[in-house]
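Everything on this sheet refers to the single structure shown next.
The values are calculated or read from the model by the stated rules, or taken from the named source; none is laboratory data. Quick caveat: nothing in here was measured; it's all calculated off a predicted structure. Backbone-built Cβ (ideal geometry, glycine too); neighbour counts: all protein chains shown.
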Amino acid sequence: MTSFAQHNFANEKVLIRVDFNVPLDKQTFAITDDTRMTAAVPTIKKILNDGGSVILMSHLGRPKEGPEERYSLRHLLNHLIKLLSGVTVKFADDCIGEETVKKAAHLQAGEVLLLENLRFYKEEENGDTDFAKKLAALGDVWVNDAFGTAHRAHASTAVIAQFFEPEKRFFGLLMDAEVAAAEKVLHKADKPFTAIIGGAKVSDKILIIENLLERATDIIIGGGMAYTFMKAQGGNIGKSLCEEDRLEMAIEILAKAEAKGVCIHLPSDSVIADNFSNDANTSTAPSNNIPDGWMGLDIGSMACEQFANVLHRSKTILWNGPMGVFEMSHFQHGTKAIAAAVAEATTNGAYSLVGGGDSVAAVNQFGYNDKVSYVSTGGGALLEYFEGKELPGIAAVKSL
């Protein structure tokens, strides 16, 4: 594996696995968040500026049985043309097949060809070798710039690597940046290192919490998962979300943290509601003493201050998961307050990495995306990276 930035791609057809799995409006198919597309532009432009041509391949959504109009990458074409202003961008109605092979063969230096959705073929997710070989035949060089799918051993993200010599396999600029940011936090973090872990379920985050117990000085736990910890400690949580089968595990995590000198911070108070609705009646209560019939849907003002104080003295921050049901306006204050505290800590010199779909959506929504050190495009991939797993999409470029 050689460095992408140092390589000259003149006269080479470069097959790039991008992550263009962007959200679309269900009626108009308009892109509602182009973050992942924008993130791929520097890699594409570097190749074009060198005098190479680019073939882009990606998945979009989860089509069940072959091609589906709502999952066509054709919906992304016009926006891609705008992002690559002045570049000729062509579209192939298939990702393999005779016509696609012809279009790829006739692609000129400085041009881009966008292939149709890879997942219109089951072979993509099945990691089919023959399918990967057909994709590989389209280009001279393979670049993996799709960190968001790096945890999948799919045909285009991992299996395809075997059809390119090591010097013809690269991470793109985005993948390089993602791996560097994750490595900095996972292995080179300045202390105090605070991890903010939110979301609904302990079971979804157990592996990342356990791995972080070896590295972090502080772990802030918010979102629905906090109430499993509250109940495990004997608290009353009303009808808040709780994983009854994880109560013992929650106690074990708290005991491990204490033994390792890691401070676990649970929200002291909560914004509570009598129904899971933005129109519900609301109140506040200690997180471990929520009345029957009520549920915690956000962290309260005392918890916001409590968590902000921890963040303000941190030198490294990882944020994965919201503090409440932030998509409902009445329960977004906690997540917004955490975003503000992370941004302030970053301004004061901390290194902050935000990853995971909801956390990224929150910093974007509240206008803090340019006030943190790095916003990851990978949700599941980043999570698995911090769980200590080797990601197939990374291993495929580095090895063989």
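Below, the figures for the structure above:
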item	result
Criterion violated by residue 365 - all others in (1) in contact (Cβ under 8 Å) with a residue 60 or more places away in the chain; (2) surrounded by fewer than 20 Cβ atoms within 10 Å (Cβ to Cβ); (3) of a type in the set (S, T, N, Q) satisfied	(1)
Checking residue 166 against (1) under 25 Å from the mean Cα position of the chain (by Cα); (2) of a type outside the set (Ser, Thr, Tyr); (3) surrounded by fewer than 23 Cβ atoms within 10 Å (Cβ to Cβ), the condition it does not meet	(1)
Considering residues of the stretch 13-49 that are among the polar types (S, T, N, Q) and either assigned to a helix (DSSP H, G or I) or in contact with a helix residue (DSSP H, G or I) (Cβ under 7 Å, 6 or more places away or on another chain) (or both) only, the residue surrounded by the most Cβ atoms within 10 Å (Cβ to Cβ)	43
Selection from the stretch 364-400 of residues that are of a type in the set (A, V, I, L, M, F, W, C) and at pLDDT 90 or above	366, 372, 375
Residue, farthest from residue 175 (Cα to Cα), within the stretch 1-36, restricted to residues that are of a type in the set (Gly, Ala, Ser) and at pLDDT below 95	30
Conditions (1) under 27 Å from residue 380 (Cβ atoms); (2) part of a helix (DSSP H, G or I); (3) of a type outside the set (Phe, Trp, Tyr): number failed by residue 258	(1)
Only listed residue being assigned by TED's automatic domain parsing to the domain that holds residue 36, under 16 Å from residue 58 (Cβ atoms) and part of a helix (DSSP H, G or I), chosen from 132, 161	132
Checklist (1) modelled with pLDDT of 95 or more; (2) surrounded by fewer than 16 Cβ atoms within 10 Å (Cβ to Cβ); (3) out of contact with any helix residue (DSSP H, G or I) (no Cβ under 7 Å at 6 or more places or on another chain); (4) not hydroxyl-bearing (Ser, Thr, Tyr) applied to residue 87, failing item	(3)
Selected residue [within 25 Å of the chain's Cα centre (by Cα), assigned to a helix (DSSP H, G or I), in contact (Cβ under 8 Å) with a residue 24 or more places away in the chain and within 26 Å of residue 398 (Cβ to Cβ)] from 119, 152	119
Qualifying residue in the stretch 50-72 (condition: part of a loop (DSSP other than H, G, I, E, B), more than 16 Å from residue 120 (Cβ to Cβ) and at pLDDT 95 or above)	yes
Residues (more than 30 Å from residue 192 (Cα to Cα) and exposed (fewer than 15 other Cβ atoms within 10 Å of the Cβ)) located in the stretch 236-289	244, 245, 275, 276, 277, 279, 281, 283, 289
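Residue by residue, here is whether (1) closer than 20 Å to residue 150 by Cβ; (2) among the charged types (D, E, K, R); (3) touching a strand residue (DSSP E or B) at 6+ places or on another chain (Cβ under 6 Å) holds:
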position: 30; (1), (2), (3): no, no, no
position: 95; (1), (2), (3): yes, no, yes
position: 109; (1), (2), (3): no, no, yes
position: 125; (1), (2), (3): yes, yes, no
